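Everything below concerns the one structure shown next.
The values are calculated or read from the model by the stated rules, or taken from the named source; none is laboratory data. Keep in mind the model is a prediction, meaning the values are calculated, not measured. As a convention, Cβ positions derive from the backbone with ideal geometry for all residues, glycine included, and neighbour counts pool all protein chains shown.
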Amino acid sequence: RVTETSSPLQLCLHKRDFIPGKWIIDNIIDSIEKSHKTVFVLSENFVKSEWCKYELDFSHFRLFDENNDAAILILLEPIEKKAIPQRFCKLRKIMNTKTYLEWP
């Protein structure tokens with residue numbers, strides 16, 4: 001088990017690190033802005049959530065506005081392209097153009 005004390009990596013976990021009372025979207029933006037890399041662990045449930053869209057949109061903004069490709073995609077389970085809602089066209093594009101990791 002990797003812990004932050006035994007690793008040079010620091011994690012932002014919403015249940016632990018988001019500030020209570022602060023708008024969720026502001027917590028998301030602040031966390032992504034402060035991160036060198038943003039790891040997206042994609043599952044069908046996450047892909048169907050509205051927060052997925054916000055997180056991917058902001059990460060996509062960093063890629064094009066700041067020329068900072070900070071997103072790392074990990075597929076927790078196989079996700080068929082047709083399972084990704086149409087409104088997540090950026091996710092479809094990212095999955096078609098970026099290399100991503102598949103969870104064993």
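So the values come out like this:
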quantity: Scan of the stretch 7-37 for residues that are within 12 Å of the chain's Cα centre (by Cα) and surrounded by 15 or more Cβ atoms within 10 Å (Cβ to Cβ), ordered by number; calculated: C12, I28, I29, S31, I32, S35
quantity: Failed condition for D17, given (1) at pLDDT 80 or above; (2) touching a strand residue (DSSP E or B) at 6+ places or on another chain (Cβ under 7 Å); calculated: (2)
quantity: Any hit, the stretch 52-70, residues being over 24 Å from I19 (Cβ atoms), surrounded by 12 or more Cβ atoms within 10 Å (Cβ to Cβ) and touching a Leu at 6+ places or on another chain (Cβ under 8 Å); calculated: yes
quantity: Residue count for the stretch 42-62, restricted to those that are under 10 Å from the mean Cα position of the chain (by Cα) and among the polar types (S, T, N, Q); calculated: 1
quantity: Test: S49 is of a type in the set (S, T, Y) and surrounded by 15 or more Cβ atoms within 10 Å (Cβ to Cβ); calculated: no
quantity: Any hit, the stretch 58-76, residues being in a loop (DSSP other than H, G, I, E, B), more than 19 Å from C12 (Cα to Cα) and at pLDDT 80 or above; calculated: no
quantity: Members of the stretch 22-53 found to be within 14 Å of A70 (Cβ to Cβ), in a helix (DSSP H, G or I) and among the charged types (D, E, K, R), listed by number; calculated: E33, K34
quantity: Among residues of the stretch 32-60, those that are aliphatic (A, V, I, L, M) and under 20 Å from P85 (Cα atoms), counted; calculated: 4
quantity: Some residue of the stretch 41-49 being at pLDDT 85 or above, among the charged types (D, E, K, R) and out of contact with any His (no Cβ under 7 Å at 6 or more places or on another chain); calculated: no
